[in-house]
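One structure is given here, and the rest of the page talks about it.
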Amino acid sequence: MPKPFHLAWFLQGSSAQAWGEAWTGHIGQTWMQPELFLNMARALERACFDYILLEDSSYVGESFGGSTEIYLKNGLSVPRQDPSVIAALMTQVTSRIGIVPTFGTYAYHPYLLARLVATLDQVSNGRIGWNAVTGSSDFAAMNFGLPGMPEHDLRYDMADEYMEVCRGLWGSWEPGAIIADRKTGVLVDHTKVHAINYNGKYFKTRGPLNSGPAPSGQPVIAQAGGSPRGRKFAAAHANTIVVNAKGIEAMRAYREDVHKHMIAAGRNPSHCKVLYLINPILGDTTTDALERKKRRAATAAARIEERLAHFGKVTNIDFGKFNLDKPLPDDVTTNGHQQNLEQFRKLANGRSIRETMASYNAVDLSVELCGTPDAVAAQMGEVMQAVGGDGFLFSMPNVNRRTLAEIEDGLVPALQDRGLMRTAYEHKQFRDNLLAF
Ligand SMILES: Cc1cc2nc3c(=O)[nH]c(=O)nc-3n(C[C@H](O)[C@H](O)[C@H](O)COP(=O)(O)O)c2cc1C
């Protein structure tokens, strides 16, 4: 019998999904209301997904041609509602699935973050995760009064300390601190709630946390570090890592590298699930799926500037100032997402920016998946077997009710029939389900 794997979904903000695409109803107006996102949480829980990760970036892009125009006109990573609000609402219409909002370590004082995450964990009965990102954009930093982002690796050094503060605060309530005895009138045993008096190089806090404890003790941490420093950070702290590694070899190598770092940090590698990004193309028939793939490639090729604007937003590179019909100059570097730029350069192999972007993440992400639900389920099983684990993160920018139905009612039953996916949650809390296999 094959081993089941984990599935999660990457929701690119509670915002106008798939603007300009078919099957999106009146998304230009309806995105402000949570119905689509709540439907999504219910659908993915029926489908027994481990979690939904809510992306965030807290700034309006301005990296293409030094203007906000292309971002605002086309709804590129904007608007973005605060992820904590939709996350809280999602917890109230579900009972098993994990909900993982993104919060940047540059944007919150660790005390506020630890309190927010503990509160979300309380209202969800232990189903909250935190996608711990360091942030990458100077524009985002400026929204918080900073002159720009600290240097890439320094951000991770600071984030290491940040995690230590949060762990200390979540641990500031010992198990059993809440007595809630109506006879004696004692709500909380004050001897079990402690200040942490943290005095680090970057952060200071006194504690204890006034929200009370998180039901899961230490909430689940998600991470996506791709660079060598980012991977080390992820391996030290994360219970799940999401990565766009290109092809079976790179997927396997990434997981092995993370496991090595985990062992070096004294952790058990089975305590962190590495999920690979996919954007499967499903069709009623193979011909239908291939036709959809052709359309997806054509759309990607027709939207080079928009896609470069998005790529420039995460790498802080203004592609608007380059001749797109020439290769990217060798001296261009990034203080943003390093792994993405490295992958782009590898793919370019001397080709122009335009040609490279036409194929960069155009029809595939970690691996290409295309066919009927049953064929794609089989492909996913083969990929997982070759890689060794642990599952996939759906990163489908075209979120709409039709796409969700294709996954819930088409692909997931095909995976379950093959024994590749759970048919019911094993536990009540998020971490327990994530580590169940
Ligand atoms: C699936 C996925 C989701 C991510 N979500 C966010 C996000 O919501 N906000 C953010 O600032 N960065 C996000 N990132 C960026 C990562 O945190 C990280 O910066 C990036 O993968 C580059 O790695 P590096 O920082 O080690 O260079 C995401 C990355 C991936 C692969």
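I need the shape label for the range 69-119. Rule: rounded when a/c is under 1.5, else prolate if a/b > b/c, else oblate, with a, b, c from the alpha carbon gyration tensor. It comes out oblate by the Cα gyration axes.
Compared with the dominant principal axis of the Cα atoms in the chain, helix 338-348 is inclined by about 20°. Counting other Cβ atoms within 10 Å as a rough exposure proxy, the listed residues Asp160, Asp364 run Asp160, Asp364 from fewest neighbours to most. Placing pseudo-labels 7 Å out from each Cα toward the beta carbon at Ser270 and Ser95 gives an inter-label distance of 2.9 nm. Legend: residue pairs Lys73/Lys294; Lys232/Lys294; Lys246/Lys428; Lys273/Lys428; Lys260/Lys294; Lys3/Lys294, Cα-Cα distance threshold 28 Å; pairs beyond threshold, Lys232/Lys294; Lys246/Lys428; Lys260/Lys294; Lys3/Lys294. Seen against the Cα atoms of the chain and their longest principal axis, helix 152-170 is set at about 30 degrees.
Taking Cα atoms, how many degrees apart are the long axis of helix 83-92 and the longest axis of the chain, rounded to 10 and kept between 0 and 90? Approximately 70 degrees, to the nearest 10. Across the range 240-255, rounded Karplus estimates of 3J(HN,Hα) from the backbone phi angles (6.51 cos²θ - 1.76 cosθ + 1.60, θ = phi - 60°) give 8, 10, 10, 8, 9, 8, 8, x, 4, 4, 5, 5, 5, 4, 4, 5 Hz, Gly and Pro being marked x. Among the GluC sites (Glu not before Pro) in the range 72-173, those located in a DSSP loop and surrounded by at most 16 other Cβ atoms within 10 Å of their own Cβ are Glu151.
GNM, the chain, Cα, under 10 Å: largest mean-square fluctuation among Gly66, Gly247, Gly168? Result: Gly66 has the largest fluctuation of those listed.
Of all DSSP beta bridges confined to the chain, the antiparallel ones make up roughly 15%.
Per-residue ellipticity at 222 nm, computed for the chain from helices alone with -39500 (n - 2.57) per DSSP H run of at least four residues, works out to -12000 deg cm²/dmol.
Read-outs: derived from the displayed coordinates by stated rules, not from any lab. Quick caveat: nothing in here was measured; it's all calculated off a predicted structure. Neighbour counts are summed over all protein chains in view; Cβ atoms, including those assigned to glycine, are modelled from backbone coordinates with ideal geometry.
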